[in-house]
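The structure under discussion appears below in the form of structure tokens.
The values are calculated or read from the model by the stated rules, or taken from the named source; none is laboratory data. These figures come from a predicted structure and were not determined experimentally. With ideal geometry, Cβ positions are generated from the backbone for all residues, glycine too; neighbour counts draw on all protein chains shown. Accessible surface is based on the protein model in full, side chains and every heavy atom, while ligands, DNA and RNA are left aside. Shrake-Rupley method; radii C 1.70, N 1.55, O 1.52, S 1.80 Å.
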Amino acid sequence: MNIFSFINKWIEPVKHFVKREDSILRDEKGVLEPHSDLIATAFVVIGFVVLAALLSKAYLGYEDRSFALENYESASLLAGTVAEASALKAENPGVLSASALDRLSCPEGSDEREKFFAAFSENYPFLVEIRTENGQWDWIINSEIVETGYLMGKQEKVAASVPVVIELNSAESVPGTLTVVLYNTPWM
């Protein structure tokens, strides 16, 4: 008995159990098998949609913050320029006058504010806030060229501050901070 006859002897009974027509594609129990790649494809599509949503959210977040990144230097230079403006100066060099700040920040000081803001570009809507270090005194100077309520809205803004000395009267000077808040506009 050779090896082939031995193998045929064992294979012959098995051939009756397995038919050639039986395959996974012809078997009624295997009907769900071809649809499994639909589920995998759905997962891949969902993954790409989630990735696209995350990338767009990251880009929109960057774009929202880009105003602050691009304009902080402008706000900082503007704060330094405003701190040196002659309309705010006291008699002593390098000191801001509280009485000049009172005139510019009061409702009746529209002429003084107009002259003050005329020295700066109208392309940069901004407000100036000066505070003493102890918080006892606070002045806000708004531009008249900006529509009412614009600066208080939800516009993007960037702020920069510089330290200043404020002369409250001829005998008393206190340290403070001058802050320029620069607002985003459609043309910026």
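Before moving on, here are some points about what is shown:
- Matching residues in region 96-135 - criterion: being open to solvent by 20 Å² or more (accessible area, probe 1.4 Å), in contact (Cβ under 8 Å) with a residue 24 or more places away in the chain, more than 24 Å from E156 (Cβ to Cβ) and not basic (K, R): D102, S105, S110, E112, E114, A119, E133, N134
- Qualifying residue in region 60-69 (condition: modelled with pLDDT of 70 or more and over 30 Å from V162 (Cα atoms)): yes
- Taken over region 54-76, residues that are within 20 Å of V180 (Cα to Cα), free of Cβ contacts under 8 Å to residues at least 60 places away in the same chain and not acidic (D, E) amount to 3.
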